1. Counting only protein chains, not ligands or nucleic acids, how are Met157, Met184 ordered by accessible area (probe 1.4 Å), most first?
2. Full extension from Thr238 to Asn76: what is 0.36 nm times the residue separation minus their Cα-Cα distance, to one decimal in nm?
3. Determine, for each peptide in 161-171, 55-65, the mean count of other beta carbons within 10 angstrom over its residues, then list the peptides with the highest first.
4. What net charge is computed for the residues neighbouring His155, neighbours being all others with C-beta under 15 Å from the C-beta of His155, Lys and Arg scored +1, Asp and Glu -1?
5. List the pairs from Lys97/Lys173; Lys135/Lys172; Lys144/Lys167 whose alpha-carbon separation is above 22 Å, in the order I gave them.
6. Would you kindly state how much longer the chain becomes between Lys97 and His60 on full extension, computed as 0.36 nm times their sequence separation minus their alpha carbon distance, in nm to one decimal?
7. Ile178 to Lys149: extension gain in nm, 0.36 nm per residue of separation minus the Cα-Cα distance?
8. Taking every DSSP beta bridge that has both residues in segment 52-172, what percent is antiparallel when rounded to the nearest 5?
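The values are calculated or read from the model by the stated rules, or taken from the named source; none is laboratory data. Because the structure is a prediction, the values reported are computed rather than measured. Don't worry about glycine lacking a Cβ; one is built from the backbone with ideal geometry, like all the others, and counts go over all protein chains shown. Calculation scope for accessible area: heavy atoms of the full protein, side chains included, ligands and nucleic acids excluded. Shrake-Rupley method; radii C 1.70, N 1.55, O 1.52, S 1.80 Å.
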Amino acid sequence: MKKKGIGIISLILIIIIAIVAGIKIKQNHDENAVQEIQPVKVSSKTVPTFFFHGWGSSWHAEDTMAQAIKRAGATNTIVRVNVNKKGHARLIGKIKKNAKNPLVEVNFSDNKLTNSQYNGQYANAYDSTGARYVKNAIDLVRNKYHYSKINIVAHSMGNLEVASYIKLNAGKKNFPQIDHLVAMAGHYDGIIGICGWGCGGGISLNAAANDPRIKATAAITMYDMPHVGAWGYFDKGTADERYQNKKQIAEQRTKEYGTGKFAKAGGCFEYPAR
């Protein structure tokens, strides 16, 4: 009888241990499991998406994304628009009637805005030249295929050109409805708090958190700013050179604060925005 009782107790203990172990294993699995990415339902509406590249780049930078989108089945058409240094836009390829969400890879021959003759004053170049390049590319496709809605994906300098295009044309009668605007590495310093050097990531996240119109946001920086502050870009220069650079910046800040006039680098928008 005693042996039988001991056997039953042992069996119960084994079952309890097995249950506890099973729960623990499941918890570890859940904690370490990679979150499953749910497929996104893509609209079947025929809305073209325009890709605008960054400074010194070309349509090649856009093609990897475009081809991935096509392989995913979200589109069946990729065309290209070349805009030369005079602003003339030329369509390469054809958008057929059965095209689903066609992608337009825009290529600027003047990919550094050197043709604008503003000697580094890129804020003026975006308004005078970059915005015109964007408009001509979009108008070419819209006039030929009569799209009333578009999507825009822009990278780096392309965002500033697109921003100038919107600023200068949004009030006009023939301005298209922009369904979605994706800004990658957009240096909107003074507009929505994203700094091109990565320092505005936290500002942009806080701004997005307080704006119900924004559904999703991401702050991405290519620099480790504390490291850069301590050792300089690419760890170049001596300790004394880095000290002198910081000293010069501090002196400049003091001077600008006293006069109320601030030096601007190329690419800065006027503030306040007009």
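1. On the way: Met157 5, Met184 60 Å².
Largest accessible area first, the residues go Met184, Met157.
2. Full extension of this stretch gives 52.9 nm more.
3. Details: 161-171: 18.6, 55-65: 16.0.
So the order, starting with the most tightly packed, is 161-171, 55-65.
4. Working: positive: Lys112; negative: Glu62, Asp63, Glu105, Glu161.
Residues close to His155 contribute a combined charge of -3.
5. On the way: Lys97/Lys173 26 Å; Lys135/Lys172 12 Å; Lys144/Lys167 24 Å.
Violating the 22 Å limit, Cα to Cα: Lys97/Lys173; Lys144/Lys167.
6. Net length gain for the segment: 10.7 nm.
7. On the way: separation 29, 0.36 × 29 = 10.44 nm, distance 0.58 nm.
Here the answer is 9.9 nm.
8. Details: 4 of 12 bridges.
Percentage antiparallel, nearest 5: 35.
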